[in-house]
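J.: Attaching a single structure in structure tokens format; questions to follow.
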Amino acid sequence: MTPDLLPLLVITVAAFFAGGINALAGGGSFLTLPALVFAGVPAVSANATGTAALLPGYLASAWSYRDLIKAPVGLSLVAVLILGTLGGAGGALLLLATPEQAFRGIVPWLLLFATLLFAFGPALQRVLARRDRRTGGPGARIGILGVCAYGGYFNGGMGIVMLAMFRLLGVHDLRIANGLKNLLSAVLTLIAVLVYAAGGLISWGEILPMAIAATLGGLVGARVGRVLAPVILRNTIVLVGAVTTILFFIDW
């Protein structure tokens, strides 16, 4: 295999498995970010490019859950969409303003945070499920805005953060929470990608093969999810996240 083909193979394979992981539980950024950095894409651009490549999967997931999407009590769906748009744009603008060297220092910690969220996500959600906070007040709006800003800045672990937030807002039906998560993920990612593109962060040469691979991976992942035990999937994602985090701390 020639040196030019190796990076292409790495990012394509990473995107395929990332699409499958996102279709099942989220966490695709654990694969796309290091793969793009390996391929020679600068860290900030790699973060933006990986997010853009996974956008079709988010849009498809949101569409598939369209009949289950309901706003939390006290909020309208329009308000949720506006907050998602503002948060995603704010996070993306923050990424544009982050110097490359500063982002390289932040990435290992972001990966560690996302990995811990995946590891302790189920326990966190069980604790939150016992609480009954149903409010559409300023706290709810600030929470949605903050989570979407995090997603616009760094995609890793976003789904777990969103599900935990919706638990706090009284959405205890996991199907509805997933529908809201998919909708917000699609909206904020779309807005963030538009900001990335306008700011020149996206490495377009890697987008097409990654987007195709991620879409195919998402289709396969949806089928695998019907037979794969959730605990196996979650443990695999946590393992990948842990290894990736360690490597970034060592080599970064």
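J.: I'd like the orientation of helix 77-97 relative to the chain: the angle between its Cα long axis and the longest Cα principal axis, in ° from 0 to 90, rounded to 10.
T.: So the helix axis and the longest Cα principal axis differ by about 30 degrees.
J.: Considering the convex hull of the alpha carbon atoms of the chain, report its projected area averaged over all viewing directions, in nm², one decimal.
T.: That works out to 12.9 nm², a quarter of the Cα hull's surface.
J.: Over the chain, what is the mean sequence separation of C-alpha contacts under 8 Å (at least six apart), divided by residue count, expressed as relative contact order in percent?
T.: About 38 percent, as a whole number.
J.: While we're looking at this one, here's another question. Per residue, what accessible area does the chain have, given a 1.4 Å probe and all protein chains present, in Å²?
T.: Accessible area per residue, the chain: 46 Å².
J.: A follow-up question, please. Per the Cauchy relation, a quarter of the hull surface: what is the mean projected area of the convex hull of the alpha carbons in the stretch 14-71, in nm²?
T.: Its Cα hull, projected and averaged over all orientations, spans 4.4 nm².
J.: Using label points projected 7 Å from each Cα along Cα→Cβ, tell me how many nm separate I246 and L174, to one decimal.
T.: 2.9 nm
J.: If you don't mind, another one. Sum -39500 (n - 2.57) across every DSSP H segment of at least 4 residues in the chain, then divide by the residue count to get the 222 nm mean residue ellipticity, nearest 500.
T.: -26500 deg cm²/dmol
J.: Rounded, prolate or oblate: pick one for the stretch 158-242, where a ≥ b ≥ c are the square roots of the eigenvalues of its C-alpha gyration tensor, a/c under 1.5 means rounded, and failing that, prolate if a/b is larger than b/c, else oblate.
T.: Here the stretch 158-242 falls in the oblate category.
J.: With contacts defined as alpha carbon pairs under 8 Å and 6 or more residues apart, what's the relative contact order of the stretch 1-101 in percent?
T.: Result for the stretch 1-101 is 21 percent.
The values are calculated or read from the model by the stated rules, or taken from the named source; none is laboratory data. Since this is a predicted model, take the numbers as computed values, not measurements. With ideal geometry, Cβ positions are generated from the backbone for all residues, glycine too; neighbour counts draw on all protein chains shown. Protein only, heavy atoms only, side chains kept; ligands, DNA and RNA dropped before computing areas. Shrake-Rupley method; radii C 1.70, N 1.55, O 1.52, S 1.80 Å.
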